[in-house]
Structures are given as C-alpha cells and as structure tokens.
Amino acid sequence: MLASEDPLIGASSTEEGALGAATKSNTASSATLHVGEAKSESHLSARSTDAVDHIPDAIAEAEEPTESEVRPSDPEGVVPPSQSAGPSRHASNVSLSREDVSTDWYDQHEVEFQAEQKQRRIECLAELMDKEKVPKSYYTTSKKEAWVLEYVNNFNRQYTQLFPGRRGLLLSPPNHFGVPKFVCTTIRPTQLPYRELYDYRGCARFVAEYLSYIPLEPAHELPSTIPGPAYTLRLQQGNSFDYSILLVSLLRGVGYDAYVVSGYASRAMTLMDESRVDSETAGIPPPTGSTSDGQAILESIAGKNTSASPNTAASSPGKYKVKPPRQLQSQFEVKQDEKAKARAQQQAKAARKKELADRALAEEDDDELKGLRVHAWVLILPGKREVAEAFFIEATTGNVYATDNENYLGVESVFSSINHWVNMQVCYEGLKGISFDLGDNAKWEFALLDNTQPGGSDPLDDDAEDQGGENGSEDGDGDGPASEILDLPPSWVEKLVISKEAFESRCPSGAKMIIYRDARHEVYADYFRKDGMVARTIFFADDTRNYNGEIREIFSNRRDKLRQRIRIPYDGIIHEFFDPGRIHGLKEHITVDGRTKAMHFYPTARFDGLLLRVDETIKIIEHFTDREDRLVYRSVTFDGEDDEESERGAIMKMAEKLGRNPNVPSHEDAQKRTYFLKDDKIRVVYHLDYGRIIPSTREFKKPTAEQKTNFLEQSVAFEVNPYRKPPKKQQLYTELLALLNCEQGCLSAIKASDREVAEILTNRAAEEADVSLIISVYDTMRNQTKLPSEEKKEASKEEEESKAADLDYLSPFLVSYRTPTRLTREEAISVKEACLKNFKERLIEKANIIQGRLDEVTGEYQRRQQQYSRNADSMTPEETEAYVRFCNDALFKIHILEKRLAKHKETAPERYIELDTRLKADPRLNP
C-alpha cells in the first residue's frame, strides 16, 4: 500500500555497491575474538555482573588465596583490630595477584540473600507475564500500530532486496508477549523524580549499576525479543539493547537528544570485559600503598617520628663523637636526577600501555567474529541541554566515548522515539570519518516520512498522548490514517516508575562486581551488608612496579563512625579512618601485624589537644596542639625488658617539648624537658636566644636522702651568653621543684594514655564483634518513626483496651446467684444496694486510714516539739541538726496527708454518684 512512498526506491546504485562492498569487507576481515587472559567467552561475560546470578561464576573462575594469605574477614567481612591474626598471618608476604583474590567474604547471609533474590526474580517474571496485571497494549496491537508495522515491514523487504549482503534491520521485534512492536514505540521517554538522573552522567551510571548484563547469544545475531524498558527496569537484567533503550528513555525524558545505535563492537565491549581498563579511568581513586614497601604509609603518617631505636643511641661508644663530614651536593643535579627518574617512569608507563594495547589488538585480530558482534549503545547529538558535540555512552558500563572510538566497529542503524535512520556510509576503519548528521539524507535514510530531522519534538511524552486522545483514538477507529503521512502511535510501554527503595539499592540484588585490569571493584547497596560496607576495591599486585596489592573498603551508616579501611596484606598493615563523633575523638587507626602502630585524633574533640600517638614498641610518641601549657610533644622510652607490669619493660626516660612563651625570656623558657628515670637526672633545653645558633641547657641531679644541702652544686649548666649572671641557688631550687612536679605529671599522663589506648582497643573489638548501623531521622523508608497524631490514636486505643480488661465490679455480688445474666427486679435492687454499700464502706475506710496516718505523724511531731523545748539548752549540735531534719520531714508528710484527705473528701461523693449511674445503666441490673 505504501510501497510507492518507500525512500529506498530512489537509492543510487553507487550507494548500493558501496554498502555491499563494506559488508563483504567486514565479513572478510573477520578474525578471532579478544580472549583477554586466555579465558573462555562465557567466563568473560560473567566477570562484570551482579552478585546474585553471575558472581558465583566469577568466583569459580578466579580462584583466590588461602585464609592465611589475605586474612579473610569474620562472618560479616570484618577483622576486628584486637582479633587480628598474629605475625604469622600478617607477615605471610603474599601479594594480591590477579588470579588470587579471596572470596571468603561471601558469607552465609549473602548466600541466603542470593537465593531469596532468585526466588524474587522468578515471582517478578511471573507477574510481568500476567496479562491481568499489565496494560492491554502489551499483548494487543492497535490499528495504528498495525499500519505502522505494515509500513516498516514493507520498508524492510525493500531494504533486504536492495542490500542483500547487509544484516537485517531491527524494526519490529516481538516483545516479551510475542507481539511485534515497532522498535521506536518501545522507547518511553520518562523523567523520574530523582535529581541524580537529570544529568547524562548520573543516568548512565544508574543504568549501568542498576541492571545485570546478559550478553547476546549468539553474539553475531540481533536479539529475538525486545521486552521494553519497564520490563527491564522491573527484572533488573538485560542485553545491550535493553540497556540502551532504557537509558535513551531516561535521557530523552530529561531533554537530551539521545538515540539507540545498533551496530558492531569489539569482543571486550560486547562482553562488558573491563579487564583491560585501568580502574583509575573508571573514577576509582588509585591505591595509597607504597610501590615497594608498605612502611611508607607509616612514614607518611608518623612523619619524622620514625626515629632510630633508643638502643642504638644507648650503645654509642662515648658521650662525645665527631660529626661526619658534610656531604656537599648540587641541588641542580638533584633536580635533574628527579626529572630523569620521572621521565623514565613516564616512558615505562607509556611502554607498558603500548604493550597492552598491542596485545589487545593482536588478540582482537584473532577473533573469529571480529566485525560481526552485534551491540547497542547510545548516541547523544548536540543541540539540546548545552551539548556541544556528539558522543557515545556505553550503557552497559556508563562510560563516555568519542564517536570514533576503536571499540565500535560499525553502525547499521540509529533510532529513537521519533524515527528510525539507516546508515548509508561505509565503515572500513571502524567509525573513523562517519558523520552522525541524521539530517543528511545522502548518509542516513529515514524510515518514516514524519520527523525526518533529528532533534524534533518528542511525540511520545504524556502531553502528546493526551493530544492524541483528543484528536483520535489510539486504537484507530477510522478506516485509515488521518493524514497522508503516517506518524508514530504512542508508546505501548507504560510510564517508567521506580520506587525510592529500589533507586537507593542501585545494584541488582544489592551487590555488583566489576573486574578491571588492575583491580576488582565491588559495590553494595546501603544496609545490604550487616557490617555497613558499601564498596570494596582489591588492587592487584604488579611485579613491574614491585607493588604487592591493596584492599580498600568503604563503609557507611556505621555507629562506630568507621568510614574507610585500607589493608596491605603483604606488609600486614590495616589503616582505618573514622568520621568525627567517637568518644575519644579517634580519627585514624593503623595496625601492623595486629599491633597498634599509630593513632590520629581530632584535637578539637579532646580536652588535651592530642593530635597523634605513635607506638614504636619501646618508644611512644604523642603530638599535641592548642594547649594552654604550650605542650606540643611527649615521648616515653622503655628498656624493652619484660617485667610483671608491662611487656615493654621499665621506663628509661621521658621527654616533653613546649612552644615559645613570649612573656618569658628565651633563656628561662624551656623548649625541651628530658626526665632520665634510671639515671635520676633531669635535663632542660631552653629556647634559642635571638642571634644564637645553639641553646642554653641545664642538667639537674635529683637529690637523695644524703644530699639535702649540696645537691644544687651537682647541677651542670651551659650558658650561651657568657656575660649573663648565673642564677641564685634559690632560683635553681625553685626550678628543680617545678621540674620534679612536671616529672610526676608527665608520668601520670603517660599512664592515663596507656589506659585510654587499652579502652579504645577494647571498644573497637566490641564494635567489630557486634556491628551496629544507624538510620537517619530523614530516612522515612527505614526509620519507623510515627506522627504525634498516630501515637495519640494508639495511646487512646491502648487505654480503652486496658479499661475493657479491668475486673467486673459486679462479679463479687453475682456469685451467689445461679443465673447472673437473668436477675429479677428484687435481685437486681439487692445487688445494686450491696455494691453501693460496699463502695461507700471502702471510701470511709480509706478516709479513716489517711486520717489515722495524719494523726500519727502530727502526734509524733508534737511530742518531739515538747521534748526539744525541755532539752534545747543541753542538746549537742548533732542532735539539734537531727531534730531540724525530723521537723522538715514531718511537716512535709503532714502537708501531703492533709492534701490527700481533702482531695478524697472532695472526690468521694462524685465517685459514688458515678458508680450509681453506671449501675443504673448496666444491662444486667435492668431486667
């Protein structure tokens, strides 16, 4: 019927010959497939997918080290600091190779969750196939849709006749009910109510994370069905066409000029193999570990505190030694050497990159299906949303590529919700030189005569549907199209909807894993894991850089404020980061071989201004800031000999460093105080005088019992200024007393610091043993808070239930009757009078009890008053104080009893009348 309007009738023989040659060239140049790491195709297709369906396959292929190598976590995936393994586990010197990454964290909770998600997916699939729960357009075809299908089928027949060497077009594939639908009507532009989806980057990232990828099977054929974006969104899985159609629906809903591209791509792209992409290019921060030694992370944290062992200084041959000659070195030569090293590193990196690219190209050339692997991705054209130039979005990964990227080898067609365009250009060298100006009819052939230009208005949004309902029925009640040019019917797909809970979960079934060239990245939804982990990145070892791997874990919503944990198994290092809010202000915690090495603190959260604490086994160093006493440094050194009190041994010396006090002369302002406990002496180093290069010092010998008078003569001083008068003995004595007090204060502070560290480690062990997550007050989905009106309703309901559950006030008086429910008039009056009489007696009895207690307290008070008036002069102060306390208590009791008695007398008649009214209304007493 519409054959005369077919645009392909006017196609030139030159175009036909060029397209036929291009098709033959693509077929002849087919080589082998990108084999990656010599893995099978089915393995690579499972390397980047969700935890429910595809992670177990990846586990089976990527075997991982033993328990002692990676120090696997507890049943919830965390190693408590106090429960960390000993040196034998940490010092195993095992690097995280690509094939040896532990999967022991897949605990029983996750296995059960995976089974639940599989069952949920089966139920969801059954619901999606239930015709009673889906719109009628899913399994029926309207008249307008039938006209469009007739038109596009005629278009496809003529296309096949003109280009027999090209692959058929994806024009009217059946949906999941087996009903053919024009592919353009499968796109349903929708704007979801989430800010993250208003930008193309956020949309692409959401689709890539939310769905589970299933490669096309066979890889060189178009998909047999296109279920629609609503189906894909509910089932959370699909192939590249499902990904692209869903992404285009979201992008066009927020105003982008987006199109689905049907073409051919490389093996790595069609299988979503990220094994040749660096994790840094995907937005993952690089590892923080050293390239050669994990101790570099400690040096960067502790800074200059990695000083030499005190045993070395103690074993020096003498007190005085000659300084080694100064090594003169040109700074220019040092800079040149640094530049040369940086240049060599860049060259090595470039050579490595080129080697990987050559290897990938060689493996791609060996692909038997090269150029024939069918794939779909997204094209964004300029003109809307401030897009300056066209670019591609790989819907399966969310990455953005240029239009001439080497991973895309050819384009067959492009379609959106307004029209379908066929590529009339030759793709000899991939997409280099291909123009995406869809308005150029010499390069792109449109299928429908309506909306032949890209960037036009979208006829499939809600407003267009409403207008279509006004102008004519969707089912097409007329005998033919309303105009000579056939336009598109509304989309047969219902409006896309995603709940807030599903949107926040992001990943299919709550977990997803992607393997890059240098790392394995795992993502979890909030509250999916009991330990609060939301991401884990395992960086593989690299022998070329002498790098042994690193594990980075990100946490969220932890009550203990744990934010991040970095593990370097080769060196046994665990580095934990905390958010503000912990009880001791802990900021960072570093352990080596299960032993605490350093702790960072938030100084503003502490009263002592502690900033850093470094533990060097036999030496502990602490740094402070913003203290009133100007203390900035404290250290304590042990002898290393085990004793009963401490495994470090006895304290040899303590040292304190202080900031400058501008109100005190520099030669009197101590810069460092060193307490030698074993040698019984104290050394003080003062601040530098103006214009001096060495400071003044003084050393005191602590006095003994026999040295009460001449101990000051044993002090040794070095004065920089020879003309300054020496201090008097009284001044030295005062300074020595102050130093002794400072020594006791330093010793007490060190012991308190040890207790605090022990408490922190105990708390950390308890926190890791029982991880607790917090729920924000703004999280209405998980926080079960109730409105005041709801609480009031529940309270009133509980009160009514409690009243109904009270004992029956007539039951004691109805026991003597055989038929309590059918009383005679005389019996009812008798029961009523007995009940009222009993209630009146109880009221009188209660009043008598209150009055008796009042009389008793009043009498005792009067008796004690008379006793006090007789013996007031002879009473001791203690007896007088006891009498005053008694009077206060007695007056308080008298006041309370009087109020109770008055209130009882006031309410007793009212309660009696209320009972009488209830008895009159009781149906049992109204025969």
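The values are calculated or read from the model by the stated rules, or taken from the named source; none is laboratory data. Remember, predicted model here, so these are calculated numbers, not experimental data. Using ideal geometry, Cβ is built from the backbone for each residue, glycine included, and neighbour counts are taken over all protein chains shown.
Yes or no, residue by residue, for (1) assigned to a strand (DSSP E or B); (2) crowded, with 21+ Cβ neighbours inside 10 Å:
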| site | (1), (2) |
| --- | --- |
| GLU553 | yes, yes |
| GLU576 | yes, yes |
| ILE583 | no, no |
| GLU588 | yes, no |
| MET599 | yes, yes |
| PHE607 | no, no |
| LEU611 | yes, no |
If you check GLU394, GLU429, GLU412, GLU406, which single one turns out to be without any contact (Cβ under 8 Å) to a residue 24 or more places away in the chain and of a type outside the set (Gly, Ala, Ser)?
-> GLU429
Identify, please: which residue in segment 633-675 is part of a strand (DSSP E or B) and charged (D, E, K, R) and is, among those, surrounded by the fewest Cβ atoms within 10 Å (Cβ to Cβ)?
-> LYS672
Positions within segment 376-402 being more than 33 Å from the chain's Cα centre (by Cα) and closer than 23 Å to GLU209 by Cα, in sequence order = none
Can you give me the number of residues within segment 128-149 that are exposed (fewer than 14 other Cβ atoms within 10 Å of the Cβ), farther than 24 Å from LEU171 by Cβ and either in contact with a Gly (Cβ under 8 Å, 6 or more places away or on another chain) or in contact (Cβ under 8 Å) with a residue 12 or more places away in the chain (or both)?
-> 1
Can you name every residue in segment 827-860 that is touching a Lys or Arg at 6+ places or on another chain (Cβ under 9 Å) and without any contact (Cβ under 8 Å) to a residue 60 or more places away in the chain?
-> ILE850, ARG853, LEU854, VAL857
Can you spot a residue in segment 312-333 that is out of contact with any Phe, Trp or Tyr (no Cβ under 8 Å at 6 or more places or on another chain), surrounded by 10 or more Cβ atoms within 10 Å (Cβ to Cβ) and modelled with pLDDT under 60?
-> yes
Among GLU217, GLU196, which is under 38 Å from the mean Cα position of the chain (by Cα), closer than 23 Å to TYR401 by Cβ and either in a helix (DSSP H, G or I) or assigned by TED's automatic domain parsing to the domain that holds GLY253 (or both)?
-> GLU196
The condition from (1) modelled with pLDDT of 85 or more; (2) small (Gly, Ala, Ser); (3) within 15 Å of the chain's Cα centre (by Cα) that ALA525 misses is numbered (1)
Segment 150-173, subset in contact (Cβ under 8 Å) with a residue 60 or more places away in the chain and in a helix (DSSP H, G or I), residue farthest from THR186 (Cα to Cα) | LEU162
Among the residues listed as LEU222, LEU247, the single one being closer than 24 Å to LEU409 by Cβ, touching a residue at least 60 places away in the same chain (Cβ under 8 Å) and part of a helix (DSSP H, G or I) | LEU247
Segment 787-835, residues that are of a type in the set (Lys, Arg) and modelled with pLDDT of 75 or more | ARG818, ARG822, ARG825, LYS832
